[in-house]
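The values are calculated or read from the model by the stated rules, or taken from the named source; none is laboratory data. Note that this is a predicted model, so its numbers are computed, not measured. Reconstructed Cβ throughout: ideal geometry from the backbone, glycine too, with neighbour counts over all protein chains shown.
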Amino acid sequence: MAMVKNKTVGRRVFNVINIILMCLFSVMFIYPYLLVIGSSFTSETSLLVNGYNLIPAEFSVYAYEFIFSSDLPFLQAYWNTIWVTAVSVVLTTSVCFLYAYALRHPKLKGKKFFNLYLVITMLFSGGLVPNYLIVTTFFRDSLWSIIIPGLIAAWYTFLIRNYLVTISNSLSEAAEIDGAGQFTILTRIFVPLSKPIIATICLFVAVSQWNSYTGPLLYLESEGNYTLQLVVNKMSDLMANLAANNTTGRIIPSESGEMAAVVVSTLPIICLYPFLQKYFITGITMGGVKE
Amino acid sequence: MKKILVIVLAALMLFGFCACGGGGGSGGEYVITVYRERSSGQADGTQDDVVKEAIEEKFYEDTGISIDLQVTIYSQSELEQRVSTGMGVYTQDLDAVISYIGEDSGAIVMPYAKAERDIVIDLTDHIEDYPNILNAIRMNDPQHEVEMSAYVPIGTMDEADYQMRMIPAVTPDSGYAMIVNADMMRAVQDETGLDPDDYNVLNEGYKNMTFTQFEDLMYAIQDEYTNLRYPIAAKPWDLNRIFAGTLLGYYGENVIQEDGTVVPGYFTEGGQMMLDYMWKWSKDGIWENESLQVDDTDRIGWFASGLSAVYLSYPDVEYLISSMRTVESIDPQLDYIMIAPIADDITEEGQAYAAEHNGEGIVRGNLKDIKASEALIIPDHRDTDTEVLLKFIDWQYSSKENYELCLYGVKGVHWEEGDAIDWNGEQYETWVYPLANREEFTLNPPYSGKYLMLENINISNRLRGDYTVDEQAWYLTARYDFPAYDSNSTEEVWLPDITDNTIRNHAGIIDQNFVQYVRGPAWAGQGTTAPSQLLTGEYIPYFYEYCGDYLDFLTQQTQSSITYFENLWNIEIA
């Protein structure tokens with residue numbers, strides 16, 4: 001009884017310390033973003049004079065006006081990024097799932113070969129120039145240049161495969177006995193049971209594509225095809241340049257404008273995350289056998 | 001279900017094809033593709049397309065060649081990536097890359113120009129066929145300083161052949177200045193004896209402040225204004241730009257000494273003195289010891305809100321004018337002045353001079369800048385229109401009309417000639433936006449200037465007509481009245497890459513150690529030993545003992561480079 005009591009006290013102390021630490025960490029992570037939001041709604045002159053504050057010293061939406069009215073195609077880039085993200089999520093998840101579904105099958109012919117084929121891509125790469133040559137040969141200055149190369153992502157495929165092997169084979173065997181084909185087994189049994197991993201992969205792909213910068217930088221040329229991160233970078237560079245040698249007679253919101261661009265470009269992902277959070281948390285703990 | 005899924009996927013794919021396709025061109029026979037780095041203050045013009053059409057039309061009228069100019073401006077980081085892939089792909093349509101040139105890693109064209117393999121085209125023989133380019137580069141330059149910058153050594157340390165692998169711009173080499181808060185100067189006038197009106201360059205007969213006076217002023221302001229961040233807001237290299245002439249020191253580059261040997265700048269008394277004052281000022285809180293973390297916009301904010309007394313962040317007069325416009329929009333009541341180059345009364349020579357001249361120091365001027373600040377390289381690719389590109393640049397330089405079309409836009413539509421300015425017996429031309437669209441164009445410039453391949457002040461050098469009278473005076477004073485100090489650095493004379501591993505390793509160690517143990521602490525105001533003592537006491541003797549081969553390399557290569565150019569052009573390089 002005494003031991004149980006001590007354990008409870010000890011547990012309580014641990015919980016208190018844990019909670020305090022987690023709160024501190026939370027503040028550490030959230031505070032910078034709140035500062036970004038606050039700065040995006042602060043006038044440029046106030047930022048220059050007073051620095052960054054959570055609560056704007058002088059409230060202003062000029063930064064947002066500036067970025068949406070600049071010559072850079074911000075709204076077009078927004079749409080391009082939404083489109084690329086949506087298509088990538090659907091296609092990448094579908095393709096990886098299909099590959100993983102095949103790999104999970106115990107009697108797949110050439111299983112070792114297909115596994116190795118995938119593993120090699122995780123270990124080696126052709127390099128920047130060969131990648132560039134191949135992608136631009138088929139998808140020069142096209143949004144498909146960002147989608148297609150990443151369709152079969154080895155890591156996602158392995159994640160899905162590891163999840164699928166935890167689903168009992170007896171389910172698929174029973175369905176086969178009842179006359180179900182492979183497609184029916186896939187769509188009626190495995191897909192519904194795989195919602196957590198599908199949601200996880202969707203989130204990974206969405207975040208990855210939303211934040212993608214190097215691919216668009218290399219493969220996209222016309223402004224009409226630019227994605228959001230590319231435009232944000234260009235905008236940031238443009239504002240810094242204009243502010244350094246400003247002959248326009250108006251204040252260039254180089255600081256608040258950057259913050260506004262960050263807020264605008266991250267808001268959709270932040271809004272999406274709460275809906276997929278439970279699956280994400282479940283997904284990162286998967287891998288154990290559930291027989 | 002299967003059918004529906006297939007149809008949905010197919011529809012997605014089809015819908016996606018509408019994202020395909022690149023931008024449209026004007027359909028010229030030769031597509032000239034140029035990647036260039038964004039210059040400070042350069043915005044994309046609202047009517048760039050109009051100017052493009054006008055240029056292509058005029059070029060066709062004059063030469064019969066139909067071109068389609070595809071010039072894209074990138075930030076430095078973007079350009080680096082684009083050029084890296086563009087250079088790596090032999091079939092890529094990339095006709096030219098334009099960026100600034102220098103010794104540092106941000107000069108994107110330099111590694112390609114200096115590469116031993118023929119990544120870029122050797123223009124040495126080509127350039128003679130384009131006399132306008134050569135004339136424009138050589139004009140007003142008897143020492144061939146600009147042209148020298150275009151040559152890079154190809155080969156090893158022992159056998160280097162110089163090739164012209166770049167076409168250089170020609171930009172002004174003088175124009176640095178310093179801005180001081182006049183209110184703060186007045187507040188401590190009783191203590192320092194310095195009346196801002198005596199040093200204001202806008203007043204006739206303005207005086208040059210001596211170094212001692214300047215330092216006393218900074219300390220007095222620091223004592224008077226306890227809420228100051230720092231009296232001096234500047235990056236380290238900007239400090240050096242202003243004080244190199246005063247202290248006879250430029251720590252940042254290799255310099256040629258009187259006996260012809262080449263040493264790092266911090267070997268010289270002047271370079272060490274510069275570091276000593278940086279250390280002292282940083283330690284005493286006179287100069288910001290967080291200079292590498294602070295942004296220029298922060299410095300503008302500090303100056304505008306009275307948190308610093310001196311502003312010289314990138315102290316070129318054009319940038320100072322635009323910075324002060326920003327400062328005025330923050331605090332229109334702030335009183336500030338531009339002061340003339342600081343006079344030397346602190347070096348041995350300066351002290352002797354001051355003793356004989358009633359305390360006045362030697363005025364050598366602020367640092368002279370590299371004249372060829374930007375250059376163009378032409379990749380040696382399968383799909384390049386080299387001859388057409390060179391003809392185009394030659395055409396740009398062939399007349400002032402062509403040059404100004406490419407620099408300012410269509411005359412009468414995007415710009416017009418402003419009133420000429422008389423200054424000290426010389427006339428200076430100006431340009432302004434047309435009155436009908438002046439307000440609109442001032443807020444949103446119609447043309448970025450991107451179709452002018454390379455600036456060349458020998459062809460046209462117009463002042464902005466929208467400068468106020470004071471701004472015009474600042475500009476002309478800083479550019480044409482202030483003397484400019486030549487630090488005798490070896491910048492503009494590119495040396496071969498070091499192939500000897502021992503020497504290369506030594507050079508790497510030296511540089512690393514200098515930055516870590518001497519320069520870093522100097523800038524941060526750390527430690528108890530002055531940088532000059534560290535350098536003369538242990539660092540430099542160590543250098544000579546263990547890394548003398550690197551010094552020999554510097555001297556030998558620089559001397560042979562200079563000899564090469566002296567023979568090439570039959571001149572004597574000072």
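In segment B:99-126, what count of residues is obtained for those that are surrounded by 17 or more Cβ atoms within 10 Å (Cβ to Cβ), more than 18 Å from B:Val170 (Cα to Cα) and within 14 Å of another protein chain (Cβ to nearest Cβ)? Here the count works out to 1. Pairs are defined by a Cβ separation below 9 Å, a sequence spacing of at least 6 or placement on different chains, a first member in segment B:544-562 that is farther than 17 Å from B:Gln257 by Cβ and not assigned by TED's automatic domain parsing to the domain that holds B:Tyr151, and a second member that is among the acidic types (Asp, Glu) and surrounded by 14 or more Cβ atoms within 10 Å (Cβ to Cβ); the pairs so defined are B:Asp549/B:Asp500. Scanning segment B:47-79 for residues that are buried (at least 16 other Cβ atoms within 10 Å of the Cβ) and part of a loop (DSSP other than H, G, I, E, B), we see that the one that is farthest from the chain's Cα centre (by Cα) is B:Ile65. Among the candidates A:Glu223, A:Glu255, the residue that is at pLDDT below 90, more than 20 Å from B:Pro446 (Cα to Cα) and within 14 Å of another protein chain (Cβ to nearest Cβ) is uniquely A:Glu255. Exactly one residue among B:Glu439, B:Glu538 is away from chain A (no Cβ under 14 Å), of a type in the set (Asp, Glu) and over 22 Å from B:Ala375 (Cβ atoms), and that residue is B:Glu538.
If we scan segment B:234-248, do we find a residue that is crowded, with 20+ Cβ neighbours inside 10 Å, at pLDDT below 95 and within 12 Å of B:Ile286 (Cα to Cα)? Yes, the conditions are met somewhere in segment B:234-248. Considering only residues in segment A:208-220 that are of a type outside the set (S, T, N, Q) and in a helix (DSSP H, G or I), the one that is farthest from the other protein chains (Cβ to nearest Cβ) turns out to be A:Trp210.
The single condition among (1) away from chain A (no Cβ under 14 Å); (2) acidic (Asp, Glu); (3) part of a helix (DSSP H, G or I) that B:Glu491 does not meet is (3). Condition (residue is under 30 Å from B:Val89 (Cβ atoms), modelled with pLDDT under 90 and either away from chain B (no Cβ under 14 Å) or in contact with a strand residue (DSSP E or B) (Cβ under 9 Å, 6 or more places away or on another chain) (or both)) applied to segment A:83-106: is it met by at least one residue? Taking every residue of segment A:83-106 in turn, none turns out to be under 30 Å from B:Val89 (Cβ atoms), modelled with pLDDT under 90 and either away from chain B (no Cβ under 14 Å) or in contact with a strand residue (DSSP E or B) (Cβ under 9 Å, 6 or more places away or on another chain) (or both). Residue count for segment A:27-63 under the criterion of being within 12 Å of chain B (Cβ to nearest Cβ), in a helix (DSSP H, G or I) and either within 29 Å of the chain's Cα centre (by Cα) or closer than 13 Å to A:Glu258 by Cα (or both): the result is 2. Among the conditions (1) part of a helix (DSSP H, G or I); (2) aliphatic (A, V, I, L, M); (3) more than 13 Å from A:Thr85 (Cα to Cα), the only one that A:Ala180 does not satisfy is (1). When A:Phe124, A:Phe190, A:Phe158 are checked against the criterion of being aromatic (Phe, Trp, Tyr), without any contact (Cβ under 8 Å) to a residue 12 or more places away in the chain and either surrounded by fewer than 16 Cβ atoms within 10 Å (Cβ to Cβ) or under 25 Å from A:Lys107 (Cα atoms) (or both), A:Phe124 stands alone in meeting it. Between B:Gly359, B:Gly350, B:Gly301, the distinction of being more than 21 Å from A:Ile251 (Cβ to Cβ) and crowded, with 20+ Cβ neighbours inside 10 Å belongs to B:Gly350 only.
You will find that of A:Ser69, A:Ser43, the residue that is on the phi < 0 side of the Ramachandran plot, free of Cβ contacts under 8 Å to residues at least 60 places away in the same chain and among the hydroxyl-bearing types (Ser, Thr, Tyr) is A:Ser69 and no other.
Is there a residue in segment B:427-436 that is more than 22 Å from B:Ala372 (Cβ to Cβ), among the small types (Gly, Ala, Ser) and in the same structural domain as B:Arg36 (by TED's automatic domain parsing)? Yes, because at least one residue in segment B:427-436 is more than 22 Å from B:Ala372 (Cβ to Cβ), among the small types (Gly, Ala, Ser) and in the same structural domain as B:Arg36 (by TED's automatic domain parsing). Checking B:Tyr311, B:Tyr336, B:Tyr353 one by one, the residue that is under 18 Å from B:Leu248 (Cα atoms), in the same structural domain as B:Val188 (by TED's automatic domain parsing) and of a type in the set (Phe, Trp, Tyr) is B:Tyr353 and no other. Is one or more of the residues making up segment A:152-163 of a type outside the set (Lys, Arg) and within 14 Å of chain B (Cβ to nearest Cβ)? No, there is no match, as no residue in segment A:152-163 is of a type outside the set (Lys, Arg) and within 14 Å of chain B (Cβ to nearest Cβ). For segment B:2-14, check the following and say yes or no: at least one residue is modelled with pLDDT under 95 and surrounded by 15 or more Cβ atoms within 10 Å (Cβ to Cβ). Taking every residue of segment B:2-14 in turn, none turns out to be modelled with pLDDT under 95 and surrounded by 15 or more Cβ atoms within 10 Å (Cβ to Cβ).
Does segment A:48-71 hold any residues that are crowded, with 18+ Cβ neighbours inside 10 Å and either closer than 26 Å to A:Leu220 by Cβ or at pLDDT below 85 (or both), and which are they? Matches in segment A:48-71: A:Leu48, A:Val49, A:Ala63, A:Tyr64, A:Phe66, A:Ile67, A:Ser70.
Among all positions in segment B:431-448, there is no residue which is within 30 Å of B:Ile362 (Cβ to Cβ), in contact with a strand residue (DSSP E or B) (Cβ under 7 Å, 6 or more places away or on another chain), outside any loop (DSSP other than H, G, I, E, B) and of a type in the set (Phe, Trp, Tyr). All conditions in (1) surrounded by fewer than 20 Cβ atoms within 10 Å (Cβ to Cβ); (2) touching a strand residue (DSSP E or B) at 6+ places or on another chain (Cβ under 7 Å) hold for B:Tyr151, with the sole exception of (1).
Do we have any residue at all in segment A:93-108 that's of a type in the set (D, E, K, R), assigned to a helix (DSSP H, G or I) and farther than 25 Å from A:Lys195 by Cα? Lay out the reasoning, then the answer.
Here is the first cut: in segment A:93-108, the ones of a type in the set (D, E, K, R) are A:104, A:107.
If we keep only those that are assigned to a helix (DSSP H, G or I) too, we end up with A:104.
Cutting the leftovers down to farther than 25 Å from A:Lys195 by Cα gives us none.
Scanning segment A:93-108, I find no residue that is of a type in the set (D, E, K, R), assigned to a helix (DSSP H, G or I) and farther than 25 Å from A:Lys195 by Cα, so the answer is no.
None of A:Asn246, A:Asn241 is assigned to a loop (DSSP other than H, G, I, E, B), without any contact (Cβ under 8 Å) to a residue 24 or more places away in the chain and of a type in the set (S, T, N, Q) except A:Asn246. Scanning segment B:300-322 for residues that are at the interface with chain A (Cβ under 8 Å from one of its Cβ atoms), closer than 21 Å to B:Leu367 by Cβ and assigned to a helix (DSSP H, G or I) yields B:Glu318, B:Tyr319, B:Ser322. Residues in segment B:286-299 that are over 9 Å from B:Arg229 (Cβ atoms) and either away from chain A (no Cβ under 14 Å) or hydroxyl-bearing (Ser, Thr, Tyr) (or both): B:Ile286, B:Trp287, B:Asn289, B:Ser291, B:Leu292, B:Thr297. Checking each residue in segment B:285-299 for being assigned to a loop (DSSP other than H, G, I, E, B) and farther than 20 Å from A:Met239 by Cα picks out B:Gly285, B:Ile286, B:Glu288, B:Asn289, B:Glu290, B:Ser291, B:Leu292.
Of everything listed in (1) assigned to a loop (DSSP other than H, G, I, E, B); (2) more than 26 Å from A:Ile37 (Cα to Cα), the single unmet condition for A:Asp71 is (2). Kindly indicate the residue of segment B:85-98 that is within 14 Å of chain A (Cβ to nearest Cβ) and small (Gly, Ala, Ser) and also nearest to the chain's Cα centre (by Cα) among those meeting that condition. Checking each candidate, the answer is B:Gly86.
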